[in-house]
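The values are calculated or read from the model by the stated rules, or taken from the named source; none is laboratory data. Note that the coordinates shown come from a computational prediction; the quantities given were computed from them, not determined experimentally. Because the Cβ atoms are built from the backbone with ideal geometry, glycine has one as well, and the counts that use them run over all protein chains shown. Quick note on the areas: whole protein, heavy atoms, side chains included, nothing else; ligands and nucleic acids left out. Shrake-Rupley method; radii C 1.70, N 1.55, O 1.52, S 1.80 Å.
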Amino acid sequence: MSDLADFHQSFIADIQGDADALGLYTQEAFFEKVGEILTEAGEIDQCDYAYFQGSEQQGRRVVHLQVSGYGGDPAESDGVLSLILCDFQITPEVRLTRGADLKAQFNKLVEFLRHARREAFRESLEETSLGAGLADLINTRWNGIEKIKLIFVTNSDNRAKVDAMPAGNIDDKPVTYNVWDLKRLQAFVEQGKARADLTIDFAEDFGGGIPVLKASGSDAALESYIAVIPGSQLAAIYDKWGARLLESNVRSFLQARGNVNKGIRKTILEEPHMFLAYNNGLAATAESVELAPTEEGLVITKADNLQIVNGGQTTASIHAARKLAGEGLKDIFVQMKLSVVPPILSDTVVPRISEFANSQNKVNAADFFANHPFHIKIEELSRKILAPVGINGYRETKWFYERARGQYADERSKKTPAERKKWDAEFPRRQFFTKTDLAKFENTWSGKPHMVSLGAQKNFADFAKTIEKVWGKNGARINEAWYRHLISKAIIFRKMEKLVSAQDWYEGGYRANIVTYAIAKVARDAAERDLVVDLSRVWRSQDAPATLEGALLVAAAEAQEAITNPPEGIRNMSEWAKKQACWEAFRKRELSYPEEFGDILIEPEEAKSEDDDVSDDENLTKSVEAQTRVFELGGQFWAQAKTWGRSNKLLSPSEYGVLDVCSKMPTRIPTEKQSQFAIEVLNKLMENGFRESEAAAAQ
């Protein structure tokens, strides 16, 4: 069986599993899954479900209309309207999709778009339906829409190359076609590769090659070039590829800061000839480039998978101001440093270049990177801490935190069939969560359901701004107790996703909004009573107690009522749920919870006492682990570490003294405290070049 056929089967199984777990139709579960992928890949800013399917008689022919969802309010997406159509079918073999099939699918989106602008069509729709909300949004925003992006997502194998392909105009607004098929989904899910087939043809599509100066020597690790790119060319490239040009961490960073810098915009409009002097320029990477010699020197004609790793705000600002700049745009030039990073190194090197290039920003860009110590610590805890059997389990398991895309699939793929079976039992797929999931759980409990409603990436960008505060000076707060609470929040969130779908009062749609609003409301109302939800109880049972479920469902029913009844003049409920005003109005509502609600609430002091007990146990475990490791390494090893550290002048007197005690084992036995200290010293020596394996081998 081919890799694609394997992925086809496992992907269908995942979607069916999600649908069962969340009480959704498979089409909706597929939309949720691909929505995460499209937003993470930068194809769209956010993803909202708005299913509609219908047909209209036009003369002798019947036109078909269909849409699955959209990429958020165009007014908040640089004037880009993104409409999405999903095609998910459960078949034993991988289906093929050809050019003619694609045309029929895109026509359904085009027809929905055309009909949405007709009053008679809008009036014919049920007012509270998802399709009516989307049609109303399209009509309301039509004059401000600058570009239309039609996206077809399918679990078939597409044989026609369609990515950001121009497809004419509707009412003078340019339209592009984009297809995400099974191969492309596989590349993203398994390798985090969002940049497939993103080839910038400067010579063919953007007015000509870019003059460059080779900046790297023949023995350099990476090929590098210095270039000056015209602002008009940069704006045109961004207009076609949008946020997909920006390295994913930079994209998150920009979402937290706003896309357009006022200072850059002012220079563009008032002093375009000074732009090159004032602006720091871009840092970019590409997997490969094509060069051509000219009479004036070398030019780059093509770049594969170009990624702007620093200067995203400059690029977005030039693009946003290009119309206002008028003739001034031709005076704008931007310096660019381009590093050619081969695909085999791109997953590790590109994020590092991006991180270092952004390190001078006031807002700590590192908070947006998967290698921030916060995410590494959560990953370590998730691999180590066993979750209790709970009331529905039969063995202890672990939750898997995927801090970088593809970790789960990568780990699993390395196992033999027998090992994979064991691994699946240890890390059940239902207990897998990503950093955007983590941000969703935390921001919900922090009273930000409107931020969660903005979508995974924007919500993560908001959460990332709080990471430094949560992490503190040394991350001491991110311990086992904190992790247990995080998992308890995940359990509650996922349980609610399933429960809401099964309620008689649930009208369909807005489930994600209802869930985050309901949990945030319950947490808030508990705090109003000077109490907190007993998350430790949720952790022990690995389930949400019935008393908590009852309260959450009361809040959920009210949340649906609040979201689907916006103030006068607002028809799109999804957009209403993203407003802080929606949360403020709901937050102030008085709810009648069941009497049993109080059973799941405890005093904050009681919660803290239990956390302290967990921390004491954790410290004891660490102490035992440290002492065990010190003994296992042996006296001779510690003698070598002591000698190496001293010869390199890396040891303070106290550090030398503790290593000296360890080196004299078994005559002298280090205490628990000394053992922990010795391990810390060893880590420091290793960071400075001491090799544990070499020292151990020398014994």
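Here are a few things to note about the model shown:
- Tally of residues being of a type in the set (A, V, I, L, M, F, W, C), open to solvent by less than 70 Å² (accessible area, probe 1.4 Å) and out of contact with any strand residue (DSSP E or B) (no Cβ under 6 Å at 6 or more places or on another chain) across segment 331-344: 1
- Qualifying residue in segment 394-403 (condition: under 21 Å from Glu36 (Cα atoms) and open to solvent by 30 Å² or more (accessible area, probe 1.4 Å)): yes
- Among the residues of segment 299-330, the ones that are modelled with pLDDT of 90 or more and either touching a His at 6+ places or on another chain (Cβ under 9 Å) or open to solvent by 10 Å² or more (accessible area, probe 1.4 Å) (or both) come to 3 in all.
- Being modelled with pLDDT of 90 or more and part of a helix (DSSP H, G or I) is true of Ile12.
- The number of residues in segment 104-118 being assigned to a helix (DSSP H, G or I), open to solvent by 40 Å² or more (accessible area, probe 1.4 Å) and over 15 Å from Val62 (Cβ atoms) comes to 1.
- Residue match in segment 186-197 (condition: at pLDDT 90 or above, charged (D, E, K, R), open to solvent by 10 Å² or more (accessible area, probe 1.4 Å) and farther than 25 Å from Gln9 by Cβ): no
- If you go through segment 517-536 and pick out every residue that is assigned to a helix (DSSP H, G or I) and in contact with a helix residue (DSSP H, G or I) (Cβ under 7 Å, 6 or more places away or on another chain), you end up with 10.
- The set of residues in segment 410-459 being more than 26 Å from Gln542 (Cβ to Cβ) and surrounded by fewer than 14 Cβ atoms within 10 Å (Cβ to Cβ) consists of Ser413, Lys414, Thr416, Pro417, Ala418.
- When Ile151 is tested against the conditions (1) in a loop (DSSP other than H, G, I, E, B); (2) among the β-branched types (Val, Ile, Thr); (3) buried (at least 21 other Cβ atoms within 10 Å of the Cβ), the lone failure is (1).
- Every listed requirement among (1) open to solvent by 10 Å² or more (accessible area, probe 1.4 Å); (2) at pLDDT 95 or above is met by Lys521 save one, (1).
- Taking the criterion of being assigned to a helix (DSSP H, G or I), modelled with pLDDT of 85 or more and among the small types (Gly, Ala, Ser), the residues of segment 645-674 that qualify are Gly645, Ser647, Gly657, Ser663.
- Some residue of segment 505-514 being open to solvent by 60 Å² or more (accessible area, probe 1.4 Å), more than 23 Å from Gly390 (Cα to Cα), of a type outside the set (Lys, Arg) and part of a loop (DSSP other than H, G, I, E, B): yes
- Gly645, sole failed condition from (1) closer than 17 Å to Ala626 by Cβ; (2) touching a Leu at 6+ places or on another chain (Cβ under 9 Å): (1)
- Considering segment 84-123, and only residues there that are among the charged types (D, E, K, R) and without any contact (Cβ under 8 Å) to a residue 24 or more places away in the chain, the residue that is nearest to Lys149 (Cα to Cα) turns out to be Lys103.
- In segment 286-304, residue farthest from Val349 (Cα to Cα) [restricted to those that are touching a residue at least 12 places away in the same chain (Cβ under 8 Å) and outside any strand (DSSP E or B)]: Glu296
- Among helices (runs of 4 or more DSSP H) entirely within segment 419-501, having at least 1 residues that are over 21 Å from the mean Cα position of the chain (by Cα) singles out 480-501.
- Residues of segment 391-418 that are of a type in the set (D, E, K, R), in a loop (DSSP other than H, G, I, E, B) and at pLDDT below 85: Arg395, Arg403, Arg405, Lys414, Lys415.
- Screening the candidates Asn279, Asn249 for the property of being under 19 Å from Gln335 (Cβ atoms), modelled with pLDDT under 90 and polar (S, T, N, Q) yields one hit, Asn279.
- Residues (at positive phi and touching a strand residue (DSSP E or B) at 6+ places or on another chain (Cβ under 9 Å)) located in segment 509-536: Gly509, Tyr510
- Filtering segment 5-30 to residues that are open to solvent by less than 30 Å² (accessible area, probe 1.4 Å), of a type outside the set (Val, Ile, Thr) and in contact (Cβ under 8 Å) with a residue 60 or more places away in the chain leaves Ala5, Phe7, His8, Phe11, Leu22, Leu24, Phe30.
- Of all residues in segment 620-637, none satisfies being of a type in the set (Lys, Arg), surrounded by fewer than 20 Cβ atoms within 10 Å (Cβ to Cβ) and farther than 30 Å from Trp482 by Cβ.
- Ala75 being surrounded by fewer than 17 Cβ atoms within 10 Å (Cβ to Cβ), among the hydrophobic types (A, V, I, L, M, F, W, C) and either more than 23 Å from Phe188 (Cβ to Cβ) or modelled with pLDDT of 90 or more (or both): yes
- Every residue from segment 528-559 that is surrounded by 19 or more Cβ atoms within 10 Å (Cβ to Cβ), under 12 Å from Leu601 (Cβ atoms) and acidic (Asp, Glu): Asp534
- Scanning segment 551-569 for residues that are within 25 Å of Lys608 (Cα to Cα) and without any contact (Cβ under 8 Å) to a residue 60 or more places away in the chain yields a count of 1.
- None of Arg141, Arg122, Arg159, Arg98 is touching a Pro at 6+ places or on another chain (Cβ under 6 Å) and open to solvent by 10 Å² or more (accessible area, probe 1.4 Å) except Arg141.
- Every pair of residues 6+ apart whose Cβ atoms lie under 7 Å, when the first sits in segment 572-600 and is in contact (Cβ under 8 Å) with a residue 40 or more places away in the chain and under 12 Å from Ala562 (Cα atoms) while the second is assigned to a loop (DSSP other than H, G, I, E, B) and open to solvent by less than 50 Å² (accessible area, probe 1.4 Å): Met573/Tyr510; Met573/Thr564; Met573/Pro566; Ser574/Tyr510; Ala577/Ser453; Ala577/Tyr510
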